[in-house]
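Read-outs: derived from the displayed coordinates by stated rules, not from any lab. Just so we're clear, the structure is a prediction, and the values are computed from it rather than from any experiment. So basically every Cβ, Gly included, is an ideal-geometry build from the backbone, and we count neighbours across all protein chains shown.
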Amino acid sequence: MLQTCSAEQQLLNLVRSGNQKSLLQVTQLFHDFPGLNGNISDCDQNTPLILSILNHQTAIARFLIEKKVHLNYTTRHGNTALIVAIQKDNSEIAQLLIEQDANLTHANQYGDTALIWAIQKNNEKIATILIEKNTDLNHANEDGDTALIRAAREGYLSIIQLLIQNGAEVNHVNQKRRTAFMEAAEAHHFDVLQFLGEHEADINSEHFLSGDALKQHLHKVMQK
């Protein structure tokens, strides 16, 4: 069947297949068709690069990056190859994409950036690289969550420390009128609460929804 397909369709099929010989076949395809469009996309707007990451074809993803395919095309959900690599726990490809100047600040249709996804996946290595590359620390997704709020909710103290040391806004309020401190308090991340309290977290904010009872709880936490 491959013989009846265009070279671009063959490329998409090979990347989807997961066959151990796929890398060799993809390499041969680029050799046989010098003008091959490596940025062709399927009906879900997945390019060969994105498909290779989705299908855990790391060798093919590396090959395509070396062939200088476009790094920042997005899926129908607005995910770039970098976001997909982080979602799929492929730190090797994520780091390579960052090194090759992939867009670090792009947000998908939900407003989530590569940094927010790195924190969601508790990928401290990639989160650290992104922070050191001066990505936007205070970008908020459609829920108003910043990287710091997401990290506080999960209790990732080392990432929180790095975010604040690099200028993350401590008292940002999300769409539910909650701060990083409030998220940490609700999840009983006491080490995070202590650190945030030492770095200007506002525990008397007008945005606390539960009134005096919540304020009293937070004060008790800070006294521990």
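Quick notes on this one:
- Candidate cross-link partners of Lys121 among the aspartates and glutamates, defined by an alpha-carbon separation under 19 Å and a same-chain spacing of 8 or more, comprise Asp89, Glu92, Asp112, Glu132, Asp136, Glu142, Asp143, Asp145, Glu154, Glu183.
- Förster-model FRET efficiency, 30 Å R0, Asp44 and Arg177, C-beta, rounded to 0.05: 0.25
- Each of the peptides 109-116, 34-41 was scored by the mean count of other Cβ atoms within 10 Å over its residues; in descending order, highest first, they stand as 109-116, 34-41.
- Ala59 versus Glu99: modelled label distance in nm, points set 7 Å from Cα along the beta carbon direction: 1.9
- Note on His106 and Asp32: the extension gain reaches 23.2 nm, defined as 0.36 nm multiplied by sequence separation minus the Cα-Cα distance.
- Between 0 and 90°, nearest 10: helix 211-223 axis offset from the chain longest Cα axis: 90
- Efficiency of FRET between Glu186 and Asn19 - r from beta-carbon atoms, R0 41 angstrom, step 0.05: 0.30
- Shape of the stretch 1-66, Cα gyration tensor, a/c cut at 1.5: rounded
- Computed E for Asp202/Ser158 - FRET, C-beta separation, R0 25 angstrom, nearest 0.05: 0.65
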